[in-house]
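First the structure, in the form of structure tokens, and then the observations on it.
The values are calculated or read from the model by the stated rules, or taken from the named source; none is laboratory data. All values derive from a computational prediction rather than experimental measurement. So basically every Cβ, Gly included, is an ideal-geometry build from the backbone, and we count neighbours across all protein chains shown.
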Amino acid sequence: GNGHVDKRGALIVLEGLDRCGKTTQCSRLVSFLEGKGLPVEAWRFPDRSTNIGKIISSYLTDNSQLDDQTVHLLFSANRWEKRWLMENKLRNGTTLVVDRYSYSGVSFSAAKGLDIEWCKAPEQGLIAPDIVVYLDIFPEEAAKRGGYGIERYEQLEFQGKVAHCYKILCNSSWKVLF
Ligand code: FDM
């Protein structure tokens, strides 16, 4: 009441392997919520538009050499630099549908062999999602889809390790879709 926004937006996170269909499902969900008249925005991580995001993007697409810990912290910093805007949007009643978040951060780095607890640490203090939707797909199935193999992590063996790490993080609050 009183003209204030008294309903916080929801933080909805979609997670899964490369080529699992997250991006498609994110835009469908955004359209659906828009259709209900809800204020909603599509977000994604990494956000490649920032300075940190540009470093990440070049790491993913070319041969820029960065050690695994540094890359991990850059991905996390990329979420931290958007944290305050995220909080404002949610407070003002905007629902955010986010394509990847901390779970990608932890899973992809732990899949390289980094300690999972070390990977989780810089994520502490970021805004907790209200819903995590995990799109479950066999890595072999994802590998058959178009565009696979262009970026650094799009390799079958590595995606299998990522899937394993997601399964360690997954808990009963996640909605797992096949
Ligand atoms: N990725 C994504 C990470 O390794 N850590 C992260 O924190 C995030 C958000 O970056 F292979 C990986 C996952 C993926 C790659 O993601 C780029 P998009 O969704 O293809 O842009």
Of the residues in the range 20-46, those that are touching a Lys or Arg at 6+ places or on another chain (Cβ under 9 Å) and within 22 Å of residue 146 (Cα to Cα) come to 20, 21, 22, 23, 26, 44, 45, 46
Among 123, 117, the single one that is away from the ligand (no atom under 14 Å from the Cβ) and within 23 Å of residue 164 (Cβ to Cβ) is 117
Taking the range 11-44 and keeping residues in contact with a strand residue (DSSP E or B) (Cβ under 7 Å, 6 or more places away or on another chain) and assigned to a loop (DSSP other than H, G, I, E, B) leaves 20, 21, 38, 39
Considering the range 57-69, residues that are free of Cβ contacts under 8 Å to residues at least 24 places away in the same chain and surrounded by 12 or more Cβ atoms within 10 Å (Cβ to Cβ), and then whichever is farthest from the ligand (Cβ to nearest atom), we arrive at 64
If you go through 117, 151, the only one that is at pLDDT below 95 and acidic (Asp, Glu) is 151
